[in-house]
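These notes concern the structure reproduced below.
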Amino acid sequence: MTDSVRVELDGDALVAAAADHFVRIVVAAQRERGSASVVLTGGGTGIGLLKLVRESPGEIDWSRLDVFWGDERFVPAGDPERNELQAREALLDHVPVDRARVHPVATSDGEYPDPVEAAAEYAAAVHAHLAEHGAFDLHLLGMGGEGHINSLFPHTDAVREQHDLVVAVTASPKPPPVRVTLTLPAIRRARNVVLVVGGAAKADAVAAALAGAEPEEIPAAGAIGAESTLWLLDRDAAAKLA
């Protein structure tokens, strides 16, 4: 397994580097295995890189790409806070993806109004994919100022989960309180994990994670890819690295 840190000049360069990495990993996976799978992240940086991927040359065969999300806010369909909606507006509605290979989390007003049931339904899709393909090819992650990734927050049951790949979160410290999230065991089922982190407010958590903090304290410290783990940082986020 290869772990690395790459520091970009500013936020724009960070997003551009993340988009480039997205394309490279997907294209390489499709060449090697015939198809690829990605786990998307939300937030300004996560959505920004999808917009750049949309503008990239047509190297990706969109019909041979499976799309998942690392977490989702458990809100009604059409709610602008849904990561799925933001990703569709930024990328997925503009490229010829196979709809059957796009795997969103259920909405709170849909067939699975209970978040635990929604998590179980999403887990079934995740397990089916992993049974067929062995791993995700790419798991993109942002990080909060306290070190959270997906909806895995410090000192919560979700970040301590050691077996289930998907869990419901019913008391998120960051609103909205109800979410569905992939866990650390699921993140470790990705061949390549890329954390895209910008801003001075995250510098302490970046330094702690890379210094080997416990995942319960800094969840991002537990984000480890099966083949590679890449931290893409801007200079502000990297400011406290030794």
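Here are some notes:
- Each residue, Arg31 and Val95, gets one label point 7 Å from its Cα in the Cβ direction; the gap between the two is 1.7 nm.
- Sorted largest first, extent of region 42-137 alpha carbons per principal axis (Å): 41, 32, 20
- The calculated 222 nm mean residue ellipticity attributable to helices in the chain amounts to -10000 deg cm²/dmol, summing -39500 (n - 2.57) over DSSP H runs of n ≥ 4 and dividing by all residues.
- Taking the C-alpha atoms of the chain, convex hull volume expressed per residue in Å³: 111 Å³
- Proximal charge balance of Ala203 [Cβ under 14 Å; K/R count +1, D/E count -1]: -1
- FRET efficiency estimate (nearest 0.05) - Cβ-Cβ, Ala13 to Ser63, R0 30 angstrom: 0.45
- Stretch gain in nm, segment Asp157-Asp109, where the contour uses 0.36 nm per residue and the Cα spacing is subtracted: 14.8 nm
- For region 1-67, the list of GluC sites (Glu not before Pro) that fall in a loop by DSSP and count at most 15 other C-beta atoms within 10 angstrom reads Glu55, Glu59.
- Hull shadow area, averaged, region 150-201 [alpha-carbon convex hull, nm²]: 4.3 nm²
- Point-to-point label distance, Val116-Arg6, nm (Cα→Cβ direction, 7 Å offset): 4.3 nm
- Most mobile listed residue (Ala221, Ala77, Ala123) in the chain, GNM with C-alpha springs under 10 Å: Ala77
- Taking only the alpha carbons of region 118-209, we obtain Rg and Dmax values of 13.7, 41 Å in that order.
No lab work stands behind these numbers, since they all come straight from the coordinates. Note that the coordinates shown come from a computational prediction; the quantities given were computed from them, not determined experimentally. Glycine gets a Cβ as well: all are built from the backbone with ideal geometry, and neighbour counts include every protein chain shown.
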